[in-house]
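See structure below.
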Amino acid sequence: MRLLWHDYRYFPYERMLALREARLLFGKQPEDDGDALRLNCSPAAGLVKRLTYFKAAEVAGRTLIPDQATLEASGNGNGQGWDQDSEPIPSLRRQSTRYSAHGLHEYRGKFNPQVVRAIGNLLGFAPGAWVFDPFCGSGTTLLEAAHIGWNAIGIDINPLAVLIANAKIAAFNASPANLAHESNAIEKRLTPIPDGSDWREHLPEPEYLEKWFPVSVLIQLRAILRAIEKAKPTPLQDVFRVVLSDICREVSLQDPGDLRIRRRKNPADNYPAVKMFLDSLRARVASIVRARQHVQPKAGTQQQAVFADTRYAARTVRVFLRNRRRQVFDGAITSPPYATAMPYLDTQRLSLALLGLMGSRELRNGEKKLIGNREIQDKERSNLEGQIEANAAELPDAVIAFCRKLLNLADHATHGFRRRNVPALAYKYLADMASMFGSVLEVIRSKGRYALLVGRNSTELRGQEILIDTPQLLATVAESRGWQVEEMLSFETYHRYDVHQSNSIREEVLVILRAP
């Protein structure tokens, strides 16, 4: 068998993952001849379908195409899909990460979907496996589960993330004909733009929204939402609302290039919200329809995102599994938040308010509930500093020593509140992650594995750059809660081409844990 490489440039970690998944799937050591991997075997077509980083496999005179290659061929930037009759092997100009419903909504911090598939192969998740994501975000793991045929549940404490994740699943599972029909119907309802002057009576938080959108845009947003409300079946309405959410920043008075909610320097009196929504809707629906030409939902599997706190994951998951006559998951895959992470809710504040997911008064308290958040008051900081001294969370010696080092360095007259907050926030993050590790362990089968993709970051105290080695800190915390550290693999991340590019971390570590 020869596994043919794509023509685009790979990162070293992608070739490393490709070699490992080939060896694990086929039970043979591959040899790389430059253009392909050679293996002395003739495997079942189903195994070839599961490969991540190859455009084709030549097996006993046949050419087999992995599902991942067809999905990427359907993505934007790779033409208008792949016609197998005219092109036996897909030829990709570049790697695609927005194929199928992955491009439905931008979401900071989401990881490369190829990595999810590759990790699943490394962990031995065959179709039908039960996979858990305790920080599901916008649903990258869940949508890949739908593509591959895993059963999956994800939880997240951000209501917009849960909405986006479930909308992606609904979009992929929908009949392509019905998805296209309903999106066309919305366009007809919005041509010409209907009257939306009653927006105050029908949009949540009208006083708040008027501070952040021109009234002319709010009239358009009301008209769009009214057009969406008539879509059938009901789950498709959330798909279309998510498309609307994705353009919110662009048509607001907020600077769309700023992760914080700051005003544009030169805002316009109006923005073409209806046109931008319809343009985005056509592109998103076309991407999903193209993907469905090659990969279908797998019968008998289910994927779902649930609004819940991952620190108490076991409680939520037990209810979900009990209703399905199952007790544990085969394993877990996630991309967790970082210590002192950027503000997820602040970034998505306008969507949360417009869609009625969270009131303006709830936003600050909602941010505080997120693991890794940076919102803290002086009283809470003082309380957490006392917990550091007492090690109230019973963190491992090396971890609490690091927190105490931060505490000592932060106590300096030249530091403002942000730097003074660092020790308390780092400690709280690690204590919360300790609770998460303990809770997730309760719902993973014996010897099941848990893969976390997380990067290092840094802070500056007293003029010193202090490395926060989040992967190592989390591995040490996980061990203290009963996990065994099986492996830690370093690789550079996939380059981001969006508003968050300048804030992205270019090197991450795959931490693989094993349940006892």
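Annotations
- The listed peptides 263-271, 41-49, ordered by packing as a protection proxy, come out as 41-49, 263-271 (highest mean of other Cβ atoms within 10 Å first).
- Straight-line reach from K447: taking Cα to Cα under 20 Å and skipping same-chain neighbours fewer than 8 places apart, the aspartates and glutamates in range are E21, D133, D330, E479, E486, E487.
- Relative contact order (percent, whole number), the range 2-96, Cα cutoff 8 Å, 6+ residue spacing: 29
- Straight-line reach from K379: taking Cα to Cα under 20 Å and skipping same-chain neighbours fewer than 8 places apart, the lysines in range are K368, K369, K428.
- Full-stretch length increase - F11, F417 - with 0.36 nm per residue and alpha-carbon distance subtracted: 142.2 nm
- With contacts taken as Cα pairs under 8 Å at a separation of at least 6 residues, the chain carries a relative contact order of 14 percent.
- Per-selection Kirkwood Rh - the chain (Cα, Å, 1 d.p.): 24.3
- Whole-percent pair-distance distribution, where bins are 5 Å wide, for the alpha carbons of the range 2-96: 2, 14, 26, 27, 17, 10, 3, 0
- In straight-distance terms, cross-link reach from K188 covers every one of the lysines whose alpha-carbon lies under 18 Å from its own, apart from those fewer than eight places away in the same chain; here that gives K230, K232, K275.
- Distant-in-sequence amide H partners of S100 (H built 1.01 Å from N, under 5 Å): A291
- Label-point separation in nm, S446 to E380, each point 7 Å along Cα→Cβ: 4.1
- Label point of K369 set 7 angstrom out along Cα-Cβ; within the range 130-144, amide nitrogens under 16 Å from it belong to 135-137.
- At R0 = 56 Å, FRET efficiency that the Cβ-Cβ distance of E58 and R263 yields, to 0.05: 0.45
- Summed residue charge, Cβ within 9 Å of R456's Cβ, Lys/Arg positive, Asp/Glu negative: -3
Rule-based calculations on the coordinates, nothing more; no lab input. Computed from a predicted structure; not experimentally measured. When we count neighbours, we look across all protein chains shown, and the Cβ atoms used for this are built from the backbone with ideal geometry, even at glycine.
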